[in-house]
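Written below as structure tokens is the structure these notes are about.
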Amino acid sequence: MAKIRHIGITSRDVRATAEFFKQAFGLIELPGKPDSPVEAAILSDGYFNVTVLGWKEDRYGGGHPGLHHLGVQVEDLEATEARLTTLGAKELAEHNRTFGNTEGTPDNWIGERKWLTPDGMTIDVNQSGWRIRPGGARGE
């Protein structure tokens, strides 16, 4: 089976977006290509690569920031959300109250919470994880 190992994100400010993801989720930055035709920051959690791109001329991605959303499984939801707030992210609180936590209770959130990065990209932050195979449990 194929495995997803890379995602590309277009950003208006590559450095600010890269720093946001590094500080929010502890991603590390890998060395880039010095002769690249596009400004880029390559980030990783050791398993998955996120490349933040700052196109001068985007030939195939639509020319606007983002992707629909990116999901990040975290160990401590409250600590992560505190970092996100400090870094200028905004919780989509009304959406989360209306559509989130359908499997949990107010004291035991299950599933993702949606946030907007300072650049306006939606991220899902999830302590319980996602189901990634038929019949599987969250986060396994």
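Tabulated results
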item: Filtered residues of region 11-30 (kept if in contact (Cβ under 8 Å) with a residue 24 or more places away in the chain and either hydrophobic (A, V, I, L, M, F, W, C) or more than 15 Å from N49 (Cβ to Cβ) (or both)); result: S11, R12, D13, V14, R15, A16, A18, F20, F21, Q23, A24, F25
item: Single residue of region 48-61 satisfying the filter (closer than 19 Å to I123 by Cβ and in a loop (DSSP other than H, G, I, E, B)) that is modelled with the highest pLDDT; result: F48
item: Selection within region 84-120 - at pLDDT 80 or above, touching a helix residue (DSSP H, G or I) at 6+ places or on another chain (Cβ under 8 Å) and not acidic (D, E); result: L84, L87, G88, A89, R113, K114, W115, T117, P118
item: Region 1-47, residues that are in a loop (DSSP other than H, G, I, E, B), out of contact with any strand residue (DSSP E or B) (no Cβ under 7 Å at 6 or more places or on another chain) and of a type in the set (A, V, I, L, M, F, W, C); result: M1, A2, I4
item: Residue identified as surrounded by fewer than 16 Cβ atoms within 10 Å (Cβ to Cβ) and among the small types (G, A, S) among G71, G66; result: G71
item: Those residues of region 87-120 which are among the charged types (D, E, K, R), over 20 Å from G139 (Cα atoms) and not in a strand (DSSP E or B), in sequence order; result: E94, R97, D119
item: Any chance T80 is surrounded by fewer than 16 Cβ atoms within 10 Å (Cβ to Cβ), over 23 Å from L53 (Cα atoms) and modelled with pLDDT of 85 or more; result: no
item: A41 being small (G, A, S) and within 14 Å of the chain's Cα centre (by Cα); result: no
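The values are calculated or read from the model by the stated rules, or taken from the named source; none is laboratory data. Note that the structure is predicted; figures quoted are calculated from it, not measured. Positions of Cβ are generated from backbone atoms using ideal geometry, with glycine treated the same way; all protein chains shown enter the neighbour counts.
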